[in-house]
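A.B. asks: This structure is in structure tokens; I'll ask about it shortly.
Quick note: the coordinates plus some simple rules give every number you see, no bench work behind them. Just so it is clear, the model here is predicted, and its values are computed rather than measured. Positions of Cβ are backbone-derived with ideal geometry, glycine not excepted, and every protein chain shown enters the neighbour counts.
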Amino acid sequence: MSIEFRPIGFVRTDAEEIPRHWSVSDVEGTLVIEDEYSEGLRDVEPGQRIVVIFGFHRSPGFSPRFLRQKSGQDGREMGVFSLCSPIRPNPVGMSVLEVLGVRGANIDVRRLDMLDGTPILDIKPHIEGGRRQSRPRSDAMT
């Protein structure tokens with residue numbers, strides 16, 4: 001079986017250092033989405049969290065020697081499926097990002113853990129507790 005992905009866009013950031021995980025990142029950047037997918041960004045709003053699926057485009061090829069790797073947190077040797085390592089059988093990553101703004105086919109985001117030029121494969125809403133996570137509306141009654 002073969003599975004092929006075609007990027008829907010790419011990450012742009014000026015950051016020179018990128019944290020290993022989105023949960024510890026304050027890095028900002030832009031998801032530059034191809035124009036043909038821009039209508040799909042309808043209803044993505046500032047304050048919302050989105051799940052971005054991406055490709056680890058700079059990772060080395062995977063081999064059985066990478067089934068156990070050292071944790072970036074404490075240096076312990078662990079199984080690849082217990083880690084967020086970019087060296088994986090299928091080099092696919094996932095991050096939960098905060099939307100800062102949407103400009104046409106560009107989404108400005110915070111919490112990046114992706115390098116400049118990283119291919120974006122998909123974007124999904126962040127669902128927690130059965131509800132889409134978004135900012136409170138300013139016109140909502142309290």
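A.B. asks: Only counting other Cβ atoms within 10 Å, I'd like Val99, Val80 sorted with the fewest neighbours first. Please list the in-between numbers first.
C.D. replies: Details: Val99 22, Val80 15.
If I rank by nearby Cβ atoms, fewest first, I get Val80, Val99.
A.B. asks: With percent of Cα pairs over 24 Å apart in mind, check (1) 37; (2) 28; (3) 24 and report the label derived from this structure.
C.D. replies: Step by step, percent of Cα pairs over 24 Å apart for this structure corresponds to label (1).
A.B. asks: Right, next: Over the chain, with a Gaussian network built from C-alpha contacts below 10 Å, which listed residue (Ile18, Ile53, Ile127) shows the highest mean-square fluctuation?
C.D. replies: Judging by the Gaussian network model, the answer is Ile127.
A.B. asks: What order do you get for Leu67, Leu41, Leu97, Leu115 when you list them from fewest to most C-beta neighbours inside 10 Å?
C.D. replies: On the way: Leu67 11, Leu41 19, Leu97 27, Leu115 16.
Ordered by Cβ neighbours within 10 Å, fewest first: Leu67, Leu115, Leu41, Leu97.
A.B. asks: In what sequence do Val92, Val27 fall when counting other Cβ within 10 Å, fewest first?
C.D. replies: Val92, Val27
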